[in-house]
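The values are calculated or read from the model by the stated rules, or taken from the named source; none is laboratory data. Treat the numbers as computed from the prediction; the structure is a model and nothing was measured. Cβ placement follows ideal geometry from the backbone for every residue including glycine, while neighbour counts extend to all protein chains displayed. The protein model used for the area step is the full one, side chains on, heavy atoms only, and it has no ligands, DNA or RNA in it. Shrake-Rupley method; radii C 1.70, N 1.55, O 1.52, S 1.80 Å.
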Amino acid sequence: YHAKAAGRNNYQFFTQKMNAAASCFELESSLRSALAHNEFELHFQPIIDTGTRRLHSLEVLLRWRRPGVGLVGPDKFIPILEENGLIVPVGEWVIRRACEQSMEWKRQGLKPVPLAVNLSPRQFMHSGLVPAIRRILIDTGIDPALLEFEITETALMQHGEQTLDILGQINAMGIRLSIDDFGTGYSSLAYLKRFPVKKIKIDRAFIKDLERSAEDRAIVAAIIALSDSLQLSVVAEGVETEGHYALLRNGGCQFAQGYLFSQPVPGANAANLLERLP
Ligand code: C2E
Ligand code: MG
Ligand code: MG
Ligand code: MG
């Protein structure tokens, strides 16, 4: 009886593992064809100027419309793309598509709005990044001032001098750089001085409990003070309540992003957020 039960358990364990491995393999192989099959799409989330509560820019967020499954968020597949290197072509597609979208809005007579595109560590290391960006700027004709890249602290800290060189080249193209998820990586505050960065985004981990936690309020106040004295702009992520918003606005945080204002929306809906040019 025991042997039988153990056998059954082993068998169940084995099939569970097999199923997990199979679905992981399936996920990876369908991701491999997703780009060619046009299954990726961009969503856009407003970043608000806290002074006016009006749109300042849009963050570009990748989604995968997986056949038979529906819309899949980046947390489910970016790590896989990052691991197998597909993030390089997919990331390049994101930059190109974002620039094309910006130009489409321009042709529709909508007010120009800066787009903030996320760059992953692996993309950032790839030697083809700078030439690809240059190519995309030429092909689409976008004003580089309408483009911004978000890079996490962790990505920045990984590759010392090379990082500085790449940031310098991107900056020289007239594209702005910001630090994403600030406060959660291995911060060496020295890099804020060395890198040509214009903006920091306070990670939503510090915003979530802002109304309850004096510690989080102190951390956020310190980040805002630091940004002010280094003349960096500061964005708070994950602003979900009027309480968050009031604390941030009164605390001198210039920009805010979160569900309070809007979820990320598809391009067609994002156009509604943009005003027509007079
Ligand atoms: P992120 O760059 O920090 O983007 C912000 C994430 O927070 C987004 O999740 C957004 O939907 C979510 N968010 C916004 N407001 C709120 C809020 O009020 N409450 C909560 N709980 N969440 C909020 P999303 O779209 O799932 O993206 C997750 C991460 O995936 C991004 O974090 C970014 O690191 C990465 N990612 C997204 N698109 C791309 C891309 O095109 N390329 C690369 N390399 N990474 C991307
Ligand atoms: Mg981001
Ligand atoms: Mg972020
Ligand atoms: Mg994040």
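So here's what we get for this one:
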| read-out | value |
| --- | --- |
| Within region 85-101, tally of residues that are open to solvent by less than 10 Å² (accessible area, probe 1.4 Å) and not β-branched (V, I, T) | 3 |
| Flag for L192 being part of a helix (DSSP H, G or I), within 14 Å of ligand 2 (Cβ to nearest atom), closer than 21 Å to I224 by Cβ and at pLDDT below 90 | no |
| Residue list for region 151-167, restricted to those being open to solvent by 30 Å² or more (accessible area, probe 1.4 Å) and among the β-branched types (V, I, T) | T152, T154 |
| Residue satisfying condition, being within 22 Å of H56 (Cβ to Cβ), more than 15 Å from the chain's Cα centre (by Cα) and surrounded by fewer than 20 Cβ atoms within 10 Å (Cβ to Cβ), within set A145, A132 | A145 |
| Only one of A225, A221, A205, A268 that is open to solvent by 40 Å² or more (accessible area, probe 1.4 Å), under 29 Å from A132 (Cα atoms) and either at pLDDT 95 or above or not in a loop (DSSP other than H, G, I, E, B) (or both) | A268 |
| Residues (within 30 Å of E275 (Cβ to Cβ), within 15 Å of ligand 2 (Cβ to nearest atom) and not basic (K, R)) located in region 60-90 | V60, L61, L62, G73, P74 |
| Qualifying positions in region 168-179 - open to solvent by less than 10 Å² (accessible area, probe 1.4 Å) and within 16 Å of ligand 3 (Cβ to nearest atom) | L177, S178, I179 |
| Pair list, Cβ < 7 Å and 6+ apart or interchain, from region 158-181 residues that are assigned to a helix (DSSP H, G or I) to residues that are within 16 Å of ligand 2 (Cβ to nearest atom) | Q158/P121; T163/L156; I166/F124; L167/L177; I170/F149; I170/L177; N171/L177 |
